[in-house]
Amino acid sequence: MREHAMTGLGEPRGPDFRPGARPEFRQGPPPPPVAAGGGAAAAPRGRLLVTAALVAALTGGAAGVAGARLIEGSEPAPAALPRVPAAQAPSPGQSQGQGQGQGLSATAAQVLPSVVSVETGRGGGSGFVVDDRGHVLTNAHVIGAATRATVVLNDGRRLGARIVGADADEDLAVLAVDDATGLTPARLGRSSRLAVGEQVLAIGSPLGLSGTVTAGIVSALDREVGLGGSRRTAVQTDASINPGNSGGPLVNARGEVVGVNTAIATSRGGGNIGIGFAIPIDRAAPIAESIIRN
């Protein structure tokens, strides 16, 4: 039986991709060993190895923070992040666009303005705007130990951002963009209403190619994987996600965020094999709210 391994989605390049220019795909240094309890470098035969999703560009174990870490500065308690009301949440059939007349291209066009590339001095990934105050949700392993980052919007604008805080155990972090003018918050859905076989889109900056959209389905729900050194349940999808997609949104056909893309499983030869994992938004949104509030 072929061995498989779980890898993170870090080590993106710069998000700018100009027509006519050939992107440079370079392999970065291997990620540092994972401490005991968080997975090993190779899996026993016939089993998935589940490791923390690390940015490959980070070395020396600087892949995040221990526990929930808040950076200097606090903000007044914000209103809850905008969510689809439970009573109005779509049925699985509706979430696939049935009766809505909305194709996947329209869904992508709706969500892309909310998705950003995240750059730090030693790594980066993707993220998405969650409110009108300029807060961006991403993975903790994307920002690592950084206190500042640059976010690149879908229209090409580059804005500075500070790290509000991070929860390494859940592999989630929140940034605050310095200038929130003109930002478009994503609409957050309900991952509890997902169904296996439902269509989803993964949006982000794989290999530095910003604004990349890939389509697939929900392959499994409540799949147990290792995130941030702990075992958590995740949404499994066959939508193609690759290094640089970390922190980007997984959205349903109605354009609602249902997960935060965070890890993939690969074969011994490496590469995407159609098994990706996203943190359910029902768990990610309250954590983001707590980070912002505290």
Check: Using θ = phi - 60° and the Karplus curve 6.51 cos²θ - 1.76 cosθ + 1.60, what whole-Hz ³J(HN,Hα) does each residue of segment 198-210 get, with Gly and Pro shown as x?
Finding: 5, 6, 9, 10, 10, 10, x, 10, x, 6, x, 8, 5
Margin query: So for each of 116-122, 181-187 I average, over its residues, the number of other beta carbons within 10 Å; can you give me the resulting order with the highest mean first?
Written below: 116-122, 181-187
Check: Using +1 on the beta carbon of Lys and Arg, -1 on that of Asp and Glu, and nothing else charged, what's the dipole of segment 206-294 about the Cα centre, debye to 20?
Finding: 180 debye
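Solvent-accessible area per residue for segment 130-215 at a 1.4 Å probe radius, Å²?
34 Å²
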Notebook entry, point to check: Counting only heavy atoms of protein chains, what accessible area per residue, in Å², does segment 223-270 have with a probe of 1.4 Å?
Noted result: 25 Å²
Next item on the list: With the full set of protein chains in place, find how many percent of the accessible area of segment 184-294 is carbon and sulfur; take the probe as 1.4 Å.
Entry: 46 percent
Next item on the list: Quick one: what are the phi-derived ³J(HN,Hα) couplings along segment 251-258, Karplus 6.51/-1.76/1.60 with θ = phi - 60°, whole Hz, x for glycine and proline?
Entry: 10, 7, 6, 8, x, 9, 6, 10
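The values are calculated or read from the model by the stated rules, or taken from the named source; none is laboratory data. Model, not experiment: these values are computed from the prediction. Glycine gets a Cβ as well: all are built from the backbone with ideal geometry, and neighbour counts include every protein chain shown. Surface areas here come from the heavy atoms of the whole protein model, side chains and all, with no ligands, DNA or RNA. Shrake-Rupley method; radii C 1.70, N 1.55, O 1.52, S 1.80 Å.
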